[in-house]
1. What per residue convex hull volume, in Å³, comes out for the range 105-179 when only alpha-carbon positions are used?
2. What does the charge dipole of the range 119-170 about its Cα centre add up to, to the nearest 20 debye, if the Cβ of each Lys and Arg holds +1 and the Cβ of each Asp and Glu holds -1?
3. By accessible area of protein heavy atoms, probe 1.4 Å, what ranking do Val84, Val118, Val68 get, highest first?
4. Add -39500 (n - 2.57) for each DSSP H run of 4 or more in the chain, then divide by its residues: what number comes out at 222 nm, to the nearest 500 deg cm²/dmol?
5. Short version: ³J(HN,Hα) in whole Hz for each residue of the range 65-76, in order, from phi by Karplus 6.51 cos²θ - 1.76 cosθ + 1.60 (θ = phi - 60°), x for Gly and Pro, what are they?
6. Pairs of Cα atoms under 8 Å, at least six residues apart: use those to get the relative contact order of the chain, whole percent.
7. Quick one: in the range 36-101, what % of C-alpha pairs are over 19 Å apart?
8. If you consider only alpha-carbon coordinates, what radius of gyration and Dmax does the range 1-139 have, in Å?
Amino acid sequence: SARLGFYHGWARAADSISISEARQRRNLHFKTPITEGSFQIVFDFVPHARKYYHRPKYVPYVFGGVAVFRFDPQAYSAIAGRFVSLQPVGTEGQRLGLDKYPEPYSLVQFAIPLGAGVRLALARKWDLEIETGFRKTFTDYLDDVSGEYIDDRDLDPANPSTNVNLLRELYDRIDRTEFPQGAQVVNGIRGDRTQSDWYIYTAVRLNYIIDWVRCP
């Protein structure tokens, strides 16, 4: 069968609660809304007759398809006193206008939905579904972290395209009292641009079957 889906939710993480010492030292955090529309093909492992009231009581299934989603990674700024969107800030040099840094990433991206679930028939017209879905994206910026730290020497207060004070606060949160060398303690590496991001959801869905067709 085929289905259309619309999903909205949030993803968030913080290095400060990681079990990795390297991530604790990096000390970044983010949250992002994710709004997704998708088209999916669903394959049931248990065949059944055309009429819904003859359906099996228990049906495992898998699905796959294509999706478009929008995201907006944000982090808390003490300067602004609130969470601010990170893409306009350009925390990896995207707004500095220098060839050595990547271009600004798009906040609208494609993804490949993949997943599996089980459908339980509760009553004549009611089903319960429990499902886990994986989203393979084609961006590494779901958390606004991908490549290397900005070279401090490239932060020009006269650059009209950049709020330098905000950029300094958000691109590097390494504690300089404990690690005075800053990003050099990790050789300037901020993320891993060789891998794209994934996001995952688990859903419990209650279905009501609408039967408006009466065939002789």
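1. Roughly 201 Å³ of hull volume per residue.
2. Computed charge dipole of the range 119-170: roughly 680 debye.
3. Ranked list, largest accessible area first: Val68, Val118, Val84.
4. Calculated from helices alone, the mean residue ellipticity at 222 nm is -1500 deg cm²/dmol.
5. Result, rounded to whole Hz: x, 9, 9, 10, 9, 10, 9, 7, x, 9, 9, 7.
6. Over the chain, the number comes to 19 percent.
7. Beyond 19 Å sits 65 percent of the P(r) for the range 36-101.
8. 20.9, 64
The values are calculated or read from the model by the stated rules, or taken from the named source; none is laboratory data. Quick caveat, the model's predicted, so the values are computed rather than measured. Here Cβ is always computed from backbone atoms with ideal geometry, including for glycine, and neighbour counts include all displayed protein chains. Areas reflect the complete protein model, heavy atoms only, side chains present, ligands, DNA and RNA absent. Shrake-Rupley method; radii C 1.70, N 1.55, O 1.52, S 1.80 Å.
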